[in-house]
Structure formats: C-alpha cells, structure tokens
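Structure, as structure tokens:
None of the figures in this text is laboratory data; all of them are computed from the coordinates on show. Values in this document were obtained by computation on a predicted structure and should not be read as measured data. Glycine also receives a Cβ, built like all others from the backbone with ideal geometry; neighbour counts cover every protein chain displayed.
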Amino acid sequence: MTTIATTKDAMAQARTRMEKAVDDFRKELATLRTGRANASILENIRVDYHGTPMQVNQLGTVTVPEATLLVISPWDPSVVPLIDKAIRTSDLGLNPTNDGKVVRVPMPSPTEERRKEIVKHLHKVLENHRTAVRNIRRDIKEAIDKLEKEKKISQDEHKRAIEEMEKVTHAETKKIEDLSAAKEKEILELK
C-alpha cells in the first residue's frame with residue numbers, strides 16, 4: 001500500500017481498490033455457468049500440456065457457433081484428448097465430444113438443483129467481494145484517522161473524508177449487489 005499524505009490520496013486509493021474488487025467480481029461472474037455457451041466458463045480449466053498447466057484458450061481457439069455449444073479448435077491436434085479429459089473432469093458438469101480435430105462442448109441447461117448450487121456459490125462470491133470492499137474501507141479509514149492524529153488534517157476535513165468514503169463504499173457495494181442480482185436472475189431463468 002502506498003503512503004497516504006492527504007485525504008485526496010486516500011479517496012483516490014479507495015476508489016481504485018474498490019473498482020478493482022468490482023472488476024474481479026465481474027470476472028468471477030463470467031465463469032459461472034448459466035446454460036448459455038460462454039467461452040469464459042473454461043477460464044479456470046487447466047490442461048497439462050508437456051508438463052505445464054495451461055488454460056484451454058492458450059491451446060487453441062474457443063468459439064461459440066450457437067447459444068448452447070462451445071467449439072475448441074486446438075492448434076496442436078495431439079492436445080484434443082487432453083482438453084476433452086480436462087473439461088470432463090472439471091466440476092462444471094460438461095460432457096465434451098471430439099472428432100480428433102476439435103472438441104465440441106454442448107451446454108445443457110442446468111437442473112433446478114444445479115441452479116441452486118450455482119446461486120449458493122454466487123452468494124459466497126458476493127460475500128467475499130463485499131468483505132473485500134469493507135476491508136478497503138477499513139484500511140482507508142485507518143489512514144485518514146492517522147492523518148488526523150498526526151495533525152495533518154483538521155477534524156472537519158476528517159469528517160468530510162469519512163463521509164465521502166462511506167458514499168464511495170455504498171456505491172461500489174451496490175454495483176456488486178446489482179451485478180449479483182442480475183446474474184442470479186439469469187441463472188434461475190428456466191430455458
């Protein structure tokens with residue numbers, strides 16, 4: 001953490017760190033399976049390629065030719081069975097097929113039970129990111145308190161900075177909650 005010399009520094013750092021938490025939450029949401037084909041679902045799957053764990057998208061092109069199908073075209077055809085196995089053994093519940101040249105991953109609509117599990121996972125991720133935002137708020141508040149204690153800012157400036165930080169915290173938390181609500185609705189929609 002960089003040193004904070006003014007309340008402006010504190011607020012800039014709070015905004016930057018909280019926006020990173022929101023962006024991280026967006027990325028995490030993209031990996032949740034909803035029944036629609038989405039290449040980012042495969043981001044957490046690693047394939048052991050010549051002793052090096054690699055992401056699927058680093059081994060070939062991932063395309064979405066239709067709403068319920070992913071097609072992976074590896075640059076090296078010898079990796080097709082490895083990709084197939086990595087997807088099959090992941091916790092995504094997908095059943096890929098391959099013809100020796102490409103891997104096709106049909107995206108079945110999740111069962112009601114699976115949807116509820118996904119929503120449960122979504123809520124855990126949401127709470128982790130809320131906690132991250134609260135931790136950032138705590139860190140910045142401590143820095144602002146320290147500035148006041150060292151007489152670098154007045155009590156009024158301290159109070160204004162704390163109020164502004166609370167507004168930023170609420171705004172960023174609301175963004176995360178809105179994203180979560182939209183994703184939950186998308187997951188629970190029957191297709």
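Take the residue pairs Lys27/Lys149; Lys101/Lys175; Lys85/Lys116 and return only those whose Cα atoms are more than 32 Å apart.
Values: Lys27/Lys149 39 Å; Lys101/Lys175 42 Å; Lys85/Lys116 26 Å.
Long pairs (Cα-Cα over 32 Å): Lys27/Lys149; Lys101/Lys175.
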(request) Identify all lysines with a Cα-Cα distance to Lys146 below 26 Å; exclude those on the same chain that are fewer than 8 residues away in sequence. (result) Lys8, Lys20, Lys159, Lys167
(message) Apply the Karplus curve 6.51 cos²θ - 1.76 cosθ + 1.60, θ = phi - 60°, to the phi angles in region 41-46 and return the couplings in whole Hz, x for Gly and Pro.
(response) 4, 8, 4, 8, 8, 10
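Relative contact order of region 39-106: what whole-number percent is it, with Cα pairs under 8 angstrom and at least 6 residues apart? Before the final figure, lay out the partial values.
Values: 110 pairs, mean separation 18.8, N = 68.
Answer for region 39-106 is 28 percent.
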(request) Take every Cα pair under 8 Å in the chain that's 6+ residues apart, average their separations, divide by the length, and report that relative contact order as a whole percent. (result) 26 percent
(request) Taking amide H positions as placed in the peptide plane 1.01 Å from N, state which residues far from Met107 in sequence (5 or more) or on other chains have amide H under 5 Å from it. (result) Leu69, Leu70
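222 nm [θ] for the chain, helices only, -39500 (n - 2.57) per DSSP H run of 4+, per residue, to 500?
-20000 deg cm²/dmol
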(request) Putting +1 on Lys and Arg Cβ atoms and -1 on Asp and Glu Cβ atoms, find which of Ala181, Asn128, Pro106 reaches farthest to the positive end of the dipole of region 99-191. (result) Pro106
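Sorted by average packing, counted as other Cβ atoms within 10 angstrom per residue and highest first, what order do 4-13, 113-122 take?
On the way: 4-13: 16.7, 113-122: 14.6.
The densest-packed peptide leads the list: 4-13, 113-122.
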(request) Name the residue farthest towards the positive end of the dipole of the chain from the options Ala67, Ala5, Thr31, assuming +1 on Cβ of Lys and Arg, -1 on Cβ of Asp and Glu, about the Cα centre. (result) Ala5
(request) Grab the Cα-Cα distance for Ala5 and Thr97, subtract it from 0.36 nm times how many residues apart they are, and report the gain in nm with one decimal. (result) 27.3 nm
(message) If you average the C-alpha positions of region 2-69 and of region 73-122 separately, how far apart do those two centres end up, in angstrom?
(response) 18 Å
